[in-house]
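A short worksheet on the structure shown next.
Derivation of every value follows stated rules applied to the coordinates shown; laboratory data play no part. As the structure is a prediction and not an experimental result, all values here were calculated from the model. Cβ placement follows ideal geometry from the backbone for every residue including glycine, while neighbour counts extend to all protein chains displayed.
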Amino acid sequence: MTFTHRTALVTGAGRGIGKAIAENLAAKGVRLICVSKNPASCGAVADAINAAGGSAVARAIDVADGPAVEAASAELIKEFGPIDILVNNAGITRDGLLARMSEEDWNAVIQTNLSSAFHWTKAIGWPMCRSRWGRIVNISSVSGIIGNPGQANYAAAKAGLIGFTKTVAKEFARRKVTANVVAPGFIQTDMTADLSEEVQKGIADFIPMRRFGHAEDIAHATAFLCSEEAAYITGQVFSVDGGMAM
């Protein structure tokens, strides 16, 4: 994979998949802007990248706050120049059956998991278009493809990311900016660690490869889509799920 003096912004970079993506890109020579609502977590990731010989800064930003994202983006572009790679990874869950799901839980997930991608893409995508180079990767989920009981809000947001990405891909294609989706299946993260052993086994039995994936599996796919070699790929959904959504 080829990266030439690129700068990437990764949301939700403080842990799990976002952390793995940031570290993977940094190891390939990409300068990282690690974004998280939690300053301690994204700061720790940036510090680890710098200690390993990479280049990273951390910014604590509420990705669901549109005006905050707009202001932060302007400052970041002023400080670092054009941001070449945007990975919208930030996400939360507020699971519950639809009949019992509160409007607050619905809105929180939609704002963080879907609207945040709109805010960042609008703020950073157009400068990419002016530079005539850019990579946008939105991290969706297998739940956005096949649905999942108890996750109406999460599945709706992740499915929305797919439609959003395809539209952005068509709007930005002539300006040499690509937009793609990586849709993870069940990955070993803090979220899945909260599931009981029995539930985890039941899920694993449903996956053709009979196991959960690793955050690095998502990071590798994302890095490829951010590279020079992926220049002719746009508007696509890459399921990294052990065959679960076949």
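Adding -39500 (n - 2.57) for every DSSP H run of four residues or longer, then dividing by how many residues the chain holds, sets the calculated 222 nm ellipticity at -14500 deg cm²/dmol. Dipole magnitude for the chain: about 920 debye, using +1 per Lys or Arg Cβ and -1 per Asp or Glu Cβ, origin at the Cα centre. The order of the peptides 93-106, 208-221, 170-183 by mean Cβ neighbours within 10 Å, most packed first, is 170-183, 208-221, 93-106. Taking label positions 7 Å along the Cα-Cβ direction at both residue 170 and residue 198, the computed distance is 4.7 nm, reported to one decimal. Taken over the range 1-88, the ratio of Cα radius of gyration to 2.2 N^0.38 Å equals 0.98.
Toward the positive end of the charge dipole of the chain, with +1 on the Cβ of Lys and Arg and -1 on the Cβ of Asp and Glu, the farthest Cα among 114, 41, 82 is that of 82.
Derived from the Cα gyration tensor, the three semi-axes of the equivalent ellipsoid of the chain are 27, 19, 19 Å, largest first.
Which shape class applies to the range 64-119: rounded if a/c is under 1.5, otherwise prolate when a/b exceeds b/c and oblate if not, where a ≥ b ≥ c are the square roots of the Cα gyration tensor eigenvalues? Prolate, because a/c is 1.5 or more and a/b exceeds b/c. In terms of the mean number of neighbouring beta-carbon atoms within 10 Å, the peptides 67-79, 41-53, 109-121 order highest first as 109-121, 41-53, 67-79.
Compared with the dominant Cα axis of the chain, that is its longest principal axis, helix 39-51 is turned about 60°. Listed from fewest to most Cβ neighbours within 10 Å, the set 34, 129, 226 follows the order 129, 226, 34. Put simply, the amide H of residue 183, placed in the peptide plane, has neighbours under 5 Å in 140, 238, 239, 240, leaving out anything fewer than 5 places away on its chain. Between residue 2 and residue 80, the FRET efficiency from the beta-carbon distance, with R0 = 25 Å, is close to 0.75.
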